[in-house]
Amino acid sequence: MEAPAPHPPHSPTPPRHDPDELARDLERERPRLVALATRVLGDPDEAQDIVQQAWLRLAAADRDIENLPAWLTTVTTRLCLDRLRRRTAVPEAEIALEAAAPDPAEDVALADTVGAALQLVLERLSPNERVAFVMHDSFGVEFSTIAAALGTTAQNARKLASRARAKVAQPRPEDALADWEVVDAFMAAARGGDFTRLVQLLAPDAVVRADADAIATGTPEAIEGREDIASFFNGAAHAALPVSVDGRPGSAWYHRGQARVLFDFMVTGGCVARIDFRAAPEVIAQVVRRDGAAPR
């Protein structure tokens with residue numbers, strides 16, 4: 001009787017990715033990762049260093065990674081957090097987070113970046129507050145995923161973001177120009193046709209609304225979502241000038257030297273959350289030009 005054939009030896013696990021493929025994948029993700037790290041750390045050079053460290057960890061990983069963008073996002077966030085802790089005196093309560101390190105490849109849906117003026121207020125926050133606030137309020141990340149990056153619970157991540165939000169909401173004199181900077185950066189991106197920058201400056205749930213007088217001039221009644229808003233403004237607004245109305249920053253479309261439609265901005269956390277097209281005569285009468293720009 002013949003002996004049963006031996007089981008074939010286990011083949012080694014095939015390599016996760018070709019090195020060249022990994023390099024291409026990283027280059028596709030690099031702009032987003034650098035933007036995230038820059039906003040958290042406030043230093044573009046440090047951000048580049050962090051992303052390079054994330055690449056080294058990816059190259060050294062010994063297993064398949066199903067969701068590479070999510071993995072890189074979480075690793076980059078953790079590296080940023082480590083860097084913040086080294087440069088910041090961290091309260092004892094912040095250090096006492098759970099030490100678990102969940103799989104970075106949890107499903108993550110991120111926006112590409114955060115608002116231009118957010119760095120001004122991030123300096124108030126502890127490292128963990130800063131990361132929780134940026135990831136949730138600016139990138140729309142679930143608290144369970146933030147908890148994974150911080151090595152804590154979802155409940156604690158929620159508390160960190162809430163505490164950060166309260167600090168950000170406290171007005172400071174040095175933050176007074178933040179809203180103006182965001183509005184002017186948005187309009188500059190619109191004139192320059194910089195779609196990516198427009199998306200960066202819009203909150204994920206941004207909206208545009210118009211009053212009846214503005215609609216009569218040809219503006220849309222409503223636009224929902226930052227992608228559609230960015231598309232509408234992209235390459236437009238060449239006849240718009242910086243203005244203020246009731247002390248708020250805005251822009252206005254000028255025709256023959258007269259303001260015709262006000263772009264009334266609401267800025268929250270360094271992002272444009274809402275734009276109202278307003279053209280009622282009583283509103284236009286309150287428009288005040290700023291920065292000495294010449295009408296067209």
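For the stretch 143-157, residues that are part of a helix (DSSP H, G or I) and either in contact with a strand residue (DSSP E or B) (Cβ under 9 Å, 6 or more places away or on another chain) or within 12 Å of Asn128 (Cβ to Cβ) (or both) total 6.
Residues in the stretch 26-41 that are among the small types (Gly, Ala, Ser) and either farther than 16 Å from Leu84 by Cβ or at pLDDT below 85 (or both): Ala35 alone. The set of residues from the stretch 269-296 being modelled with pLDDT under 90 and crowded, with 20+ Cβ neighbours inside 10 Å comprises Gly269, Gly270, Cys271, Val287.
State all residues of the stretch 42-82 that are at pLDDT 85 or above and of a type in the set (Lys, Arg); if no residue qualifies, say none. Hits for the stretch 42-82 are Arg57, Arg78. Candidates are the residues of the stretch 242-255 that are in contact with a strand residue (DSSP E or B) (Cβ under 7 Å, 6 or more places away or on another chain) and of a type in the set (Gly, Ala, Ser); the one that is surrounded by the fewest Cβ atoms within 10 Å (Cβ to Cβ) is Ser244. For the stretch 99-109, the criterion of a residue being within 15 Å of the chain's Cα centre (by Cα), more than 24 Å from Asp20 (Cβ to Cβ), surrounded by 14 or more Cβ atoms within 10 Å (Cβ to Cβ) and at pLDDT below 60 is satisfied by at least one position. Sort through Ala214, Ala239 and tell me the only one that's more than 18 Å from the chain's Cα centre (by Cα) and buried (at least 23 other Cβ atoms within 10 Å of the Cβ). Matching residue, one of Ala214, Ala239: Ala214.
The values are calculated or read from the model by the stated rules, or taken from the named source; none is laboratory data. Computed from a predicted structure; not experimentally measured. No Cβ is skipped: glycine too gets one built from the backbone with ideal geometry, and neighbour counts run over all protein chains shown.
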